[in-house]
Structure formats: C-alpha cells, structure tokens
1. Which of Phe54, Phe136, Phe251 comes first, and how do the rest follow, when ranked by fewest Cβ neighbours within 10 Å?
2. Enter the angle in degrees (range 0 to 90, nearest 10) between the Cα long axis of helix 143-154 and the first principal axis of the Cα atoms of the chain, meaning the one along which they spread out most.
3. 7 Å from Cα along Cα→Cβ at both Glu111 and Asn13: what's the point-to-point distance in nm?
4. Just for the Cα atoms in the range 1-73, what are the lengths along the principal axes, largest first, rounded to whole Å?
5. Select from Val232, Ala262, Leu184 the residue farthest towards the positive end of the dipole of the range 178-267; place +1 on Cβ of Lys and Arg, -1 on Cβ of Asp and Glu, and compute about the Cα centre.
6. Could you state the angle between the C-alpha long axis of helix 39-49 and the longest principal axis of the C-alpha atoms of the chain, as a value from 0 to 90 degrees rounded to the nearest 10?
7. Springs between alpha-carbon pairs under 10 angstrom, Gaussian network model over the chain: which of Val118, Val79, Val171 fluctuates most?
8. Looking at the range 66-176, send over the antiparallel percent of its DSSP beta bridges, to the nearest 5.
Amino acid sequence: MNTPRIAFIGGGNMAASLIGGLRAQGVPAEAIRASDPGTQKRQALTAEYGIATFSDNAEAVAEADMVVLAVKPQVMQDVCRDLATSLQPGQLIVSIAAGITCASLQAWLGEQPPRAIVRCMPNTPSLLRQGVSGLFANAQVSDTQRQQAEQLLSAVGLALWLEEERLIDAVTAVSGSGPAYYFLLMEAMTAAGERLGLPRDTAAQLTMHTALGAARMACESDVNAAELRRRVTSPNGTTEAAIKAFQAGGFESLVDQALNAAARRSAELAEQLGDRGC
Ligand SMILES: NC(=O)C1=CN([C@@H]2O[C@H](COP(=O)(O)OP(=O)(O)OC[C@H]3O[C@@H](n4cnc5c(N)ncnc54)[C@H](OP(=O)(O)O)[C@@H]3O)[C@@H](O)[C@H]2O)C=CC1
Ligand SMILES: O=C(O)[C@@H]1CCC=N1
C-alpha cells in the first residue's frame, strides 16, 4: 500500500497524538498536513513533527487521500459545509468526533457525491500510543481505504472494526470515556488510602502502579479478568472483604448505569447536533 497523503482538520489533542503515532511509525512528514485556527498550535505541530500546517482548511485538503476531521462535535457542521466544495470525490473522510453520524457528515458535505466515510471513536491514551478505537466504515469505503483508516488508528493503539454504526455509542461508553472512569477510581482509592494513614503521594503511587500492573496482567494473560480476580482473592481474606463491600454497594449495577448514561448521551448528541433531514 502506498503511503496515503493525510490532511487533519483541527490540530488539537487527538490530532496531535495521531500525527505523533504516524510519524513514529515512519510515515514521512511530507505525507501529513494539518489545519487549525491557532498560530501556536500550527507552529508546535510543525516544530514537533515537521509537517506543513495551514490556517485554511481548503488548502490542507488539496491532494489528500484521507481527510481526518478532528474538530469538536459542535463545530463539525460548519467545518463540513465550508469544506464541501474543496473535497475531491475519491477522498476518504475519517471522523473522530463523538456523536456525529456518517449520515450527518454526508449531508453537511453535500448529498452528492456519496462520500467514503469512516467514523471512529479513539481515546486519550492514544497520546502514549496505548489507545484503543472502534471504527465503522460506510458502504462507500473501499478495502484499500479501510486499510488506510486502520493504519491511522493502529498508529496510536488497537483498532477494532464494528459492523454497525450504532455500536459507536457503546464504544464511546466503554473506551472513549473509559479512561475517566479509571481516573475516578484512582482518585477514590488514593483518597481512601490517605484516610487509612498513608502519605498522599504514597497512596497515589500505590494506586497508579496497581492500575498499571492490573491492566498489563489483564492484557497479557491468557485468562480473563474474573479468573485474575479470583487468584488475588484468598478465601476469607482481605480482597474478599473488599469485593463484598463493593458488591453490597451495587458496584456492578452502578457501572451498568454509568455506561448506559454515556451511551445515551452519545446518541443524544447525534440527535441534537445531527442533520435530521438526511
Ligand atoms: N478528548 C477525548 O477524550 C476524545 C475526543 N474525541 C473527539 O476528538 C475530537 C477532537 O477532540 P480534541 O482533540 O480533544 O479537541 P481539541 O479542542 O484539542 O482540538 C480541536 C481543534 O480544532 C480546532 N478548530 C476549531 N475550529 C476549527 C475549524 N473551523 N477548522 C479547523 N480547526 C478548528 C480547535 O481550535 P480552537 O481550540 O482554537 O477552537 C482545536 O485546536 C472531538 O470531536 C472529540 O469528540 C474522540 C475520542 C476521545
Ligand atoms: O466526553 C466526551 O464527550 C468525549 C468523547 C469521548 C471522550 N471524551
């Protein structure tokens, strides 16, 4: 596969991590362009990754094979409507925005021609190339374009294809927002450790390194999380006492409610920001 030319619209956090991942994988700077209204962001992207940057989105997409829409959902409609006349029919559109459907993107980019669109949901550990993303391709996306989209997201972590677009709401609930749930648990464990008498910094280090070790064990082991938990839990021991307290407090039901709230919000955003007429 030839190196596709990639244009990023929006040069913020997620775009910078994707660009960093591509560069680390050996994609040449000449193959990547980005546009952003912020002079400092453009200068930083050029300084760090050697790529050409633009204040004009239309200039960035000229001659690109793939256009990555990496702006906030709230400005996506305006960005797409402004870009519509500058795009070429064969270009792949990749959106990483939460709650923006392929149908809305197609409507905002003009009903014709039908666009090849890949909708993705990455997450912030992409900054460390430890991300995970769900991807959905619409019917216009060719096999080569699927590979190109997968190469983009694989540069910052694991990329998993979805058969149905509606599952992006579930991916958003599990992994898109997921880092925040682990940070919340880390905050709570650190505070509890401190209340048990540990110095705050010690409690934080113990918490963070336990999370890291547990995540690595879960990823690298050939047994599932339930079995790994069983191996920590001695009969009538300390872990069992803690797990019983979690379960008595409705832990599993709470997690279920939280993820449902995130998935519902993702679907609501699609309703609120989407194009009803498409
Ligand atoms: N953060 C996260 O955890 C995740 C985010 N996402 C999605 O990724 C997308 C980007 O998020 P993130 O990188 O965090 O956001 P950022 O705000 O860091 O990046 C967006 C960038 O787009 C710029 N921008 C604004 N308007 C335009 C325009 N008209 N043309 C070009 N660029 C413009 C912004 O500039 P300025 O700041 O000046 O407005 C900003 O630099 C969002 O749609 C979000 O839903 C997906 C998964 C996880
Ligand atoms: O909170 C949000 O809406 C975005 C999408 C996933 C992570 N952050």
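1. If I rank by nearby Cβ atoms, fewest first, I get Phe251, Phe54, Phe136.
2. Computed tilt is about 50 degrees.
3. Taking the two extended label points, one gets 3.9 nm.
4. Taking max minus min along each principal axis of the Cα atoms, the range 1-73 gives 32, 22, 21 Å.
5. Ala262
6. 80 degrees
7. Of the options given, Val79 has the highest mean-square fluctuation.
8. 25 percent
Coordinate-derived values only; no laboratory data. The shown structure was predicted, so the numbers you read here are calculated from the model rather than taken from an experiment. Every residue, glycine among them, receives a Cβ derived from its backbone with ideal geometry; neighbour counts consider all protein chains shown.
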